[in-house]
Amino acid sequence: MRPTWAEIDLVALAHNVIRVRSLLPKHCQLMAVIKADAYGHGALQVAYGALAAGADLFGVATVEEAILLRHGGIKAPILVLGYVAPEAAWQVARDDITACVFSLELANKLQDAASAAGKIIPVHLKVDTGMRRIGVEDNADGVAFAVQLSKYPNLQLQGLFSHFAAAEEEDAAPALRQLQRFQDFAAALTAAGVIIPVLHIANTAAIFRFPQSHYDLVRLGVGMYGAYPSNFIPHPFPLEPVMTLKSHVILLKKIAVGTSVSYNGIWQAKQETLIGTLPIGYADGLARSFSNCGQVAIRGQLAPIIGRVCMDQCMIDVSQVTGVRVGDEAVIFGQADPDRNALPVAEEVGAIPHELMACVSKRVPRFYREYLP
């Protein structure tokens with residue numbers, strides 16, 4: 001087996017779910033967001049682990065992701081948070097998926113599919129409060145759309161939701177403005193006679209930062225996987241990293257002063273240097289942004305990545321790593337000493353923790369530590 005792998009700790013995942021749930025009102029549901037193959041952790045494995053830890057339902061980005069869960073035996077509610085193509089309405093009906101709706105074309109197709117299947121399809125209305133991505137506008141036209149949507153006989157308008165554009169930023173004002181717009185739109189719907197039982201807008205950052213945004217449901221994403229999205233939000237307890245990405249030192253060599261390393265010679269040795277080669281590169285998820293600025297942990301010490309990260313390999317400076325040997329483990333991020341949680345590692349390379357996890361490719365084998373409640 002190629003000596004690059006990811007260890008997925010579902011015990012840590014359960015710890016994060018349980019701790020986050022302790023912050024929520026008793027009536028508030030917890031959605032485990034497992035889009036993008038559960039941020040690279042494995043959708044089915046994470047789904048079962050999250051359910052065992054107390055998650056109520058799941059959020060995904062596409063109908064295909066929802067179908068994978070259904071066909072994998074997941075019976076809990078699944079909301080497609082992103083765009084649902086009208087042509088996929090029959091799949092939504094067939095597999096009892098909850099759809100995000102913001103267009104009449106999709107609403108009509110869902111009504112037809114639900115009627116043909118003899119089912120009632122739950123839907124959540126998406127309102128755009130500032131992300132400018134998808135959703136109806138939070139104005140009179142949006143209210144009129146909601147009124148119309150509530151009248152389809154085979155659709156149940158179960159939820160109203162929106163998404164923060166900057167809940168993790170130092171300046172909380174933009175997020176609070178979005179929250180007020182969401183609240184105002186919900187009140188306008190109530191005034192128009194549209195009663196929606198489930199309101200949700202809180203992502204991981206808002207769960208910790210804005211308790212007033214919890215409403216009836218929160219969407220736990222990157223926090224479930226063990227990383228706070230930024231240092232500007234409260235850290236009430238330590239989150240446990242779920243993924244640890246590792247590789248092995250496969251070669252050590254000394255290079256002379258002036259020797260360049262990797263493509264384009266962007267790093268040159270200023271003194272005699274001991275370098276190590278790791279069989280991990282950007283095709284595995286170690287992005288080129290790690291070139292000349294990332295670090296890995298070996299024997300509890302940090303070794304900088306030097307030169308360009310290649311597709312399949314990268315080089316590190318191990319001159320200061322006491323006792324380094326071929327075969328030593330190198331931890332890119334995750335559970336290690338010193339702490340190499342995805343947030344500080346992402347900050348080193350100008351990324352976000354979500355990106356680090358989700359970009360770990362399928363050719364990196366995963367090994368799971370199961371959670372047994």
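The values are calculated or read from the model by the stated rules, or taken from the named source; none is laboratory data. This one's a predicted model, so the numbers in the text were calculated from it and none came from an experiment. Reconstructed Cβ throughout: ideal geometry from the backbone, glycine too, with neighbour counts over all protein chains shown. To get the accessible areas, we keep the full protein, side chains included, count just its heavy atoms, and leave off ligands, DNA and RNA. Shrake-Rupley method; radii C 1.70, N 1.55, O 1.52, S 1.80 Å.
Before we move on, is GLN178 touching a strand residue (DSSP E or B) at 6+ places or on another chain (Cβ under 8 Å), outside any loop (DSSP other than H, G, I, E, B), in contact (Cβ under 8 Å) with a residue 12 or more places away in the chain and of a type in the set (S, T, N, Q)? Answer is no for this residue. Listed by first and then second residue, the pairs linking a residue in region 67-85 that is of a type in the set (Gly, Ala, Ser) to a residue that is part of a strand (DSSP E or B), with Cβ atoms under 7 Å apart and 6 or more places separating them unless they lie on different chains, are ALA76/LEU57; ALA76/PHE58; GLY82/CYS100. Would you check if ALA330 is of a type in the set (Gly, Ala, Ser), open to solvent by less than 40 Å² (accessible area, probe 1.4 Å) and in contact with a strand residue (DSSP E or B) (Cβ under 6 Å, 6 or more places away or on another chain)? Judged against the criteria, ALA330 is a match.
Go through region 144-168 and give me each residue that's assigned to a loop (DSSP other than H, G, I, E, B) and closer than 16 Å to ILE201 by Cβ.
Selection gives SER162, HIS163, PHE164, ALA165, ALA166, ALA167, GLU168.
Among the residues of region 208-245, the one identified as crowded, with 23+ Cβ neighbours inside 10 Å and of a type in the set (D, E, K, R) is ARG219. Restricting VAL360, VAL309 to residues that are buried (at least 22 other Cβ atoms within 10 Å of the Cβ) and within 19 Å of LEU13 (Cα to Cα) narrows the list to VAL360. Considering region 68-80, and only residues there that are open to solvent by 20 Å² or more (accessible area, probe 1.4 Å) and in contact with a helix residue (DSSP H, G or I) (Cβ under 7 Å, 6 or more places away or on another chain), the residue that is nearest to ARG219 (Cα to Cα) turns out to be LEU68. Residue count for region 1-47 under the criterion of being farther than 29 Å from ALA330 by Cβ and assigned to a strand (DSSP E or B): the result is 5.
So for region 20-30 (the condition being under 29 Å from ARG363 (Cβ atoms) and out of contact with any helix residue (DSSP H, G or I) (no Cβ under 7 Å at 6 or more places or on another chain)), does at least one residue qualify? No. How many residues does region 1-14 contain that are open to solvent by 50 Å² or more (accessible area, probe 1.4 Å) and either modelled with pLDDT of 95 or more or more than 30 Å from GLN313 (Cβ to Cβ) (or both)? Number satisfying all stated conditions: 1. Examine region 138-154 for a residue that is of a type in the set (S, T, N, Q), modelled with pLDDT of 95 or more, touching a strand residue (DSSP E or B) at 6+ places or on another chain (Cβ under 8 Å) and under 27 Å from ASP96 (Cα atoms), and state whether such a residue exists. Taking every residue of region 138-154 in turn, at least one turns out to be of a type in the set (S, T, N, Q), modelled with pLDDT of 95 or more, touching a strand residue (DSSP E or B) at 6+ places or on another chain (Cβ under 8 Å) and under 27 Å from ASP96 (Cα atoms).
Scanning region 237-276 for residues that are touching a strand residue (DSSP E or B) at 6+ places or on another chain (Cβ under 7 Å) and of a type in the set (Val, Ile, Thr) turns up VAL242, THR244, VAL249, ILE250, ILE255, THR259, VAL261, THR273, ILE275.
Taken over region 311-330, the criterion of being within 13 Å of ILE250 (Cβ to Cβ) and of a type in the set (A, V, I, L, M, F, W, C) is satisfied by CYS314, MET315, ILE316, VAL318, VAL324, VAL326, ALA330. Applying the criterion of being aromatic (Phe, Trp, Tyr) and open to solvent by 10 Å² or more (accessible area, probe 1.4 Å) to the residues of region 39-67, the residue that is nearest to LEU13 (Cα to Cα) is TYR48.
Of everything in region 180-207, what is of a type in the set (A, V, I, L, M, F, W, C), closer than 19 Å to LEU23 by Cα and open to solvent by 10 Å² or more (accessible area, probe 1.4 Å)? Give them in sequence order. Across region 180-207, the qualifying residues are VAL198, LEU199. Cβ separations smaller than 7 Å between residues 6+ apart or across chains give no pair from region 90-109 residues that are at positive phi to residues that are outside any helix (DSSP H, G or I) and surrounded by fewer than 15 Cβ atoms within 10 Å (Cβ to Cβ).
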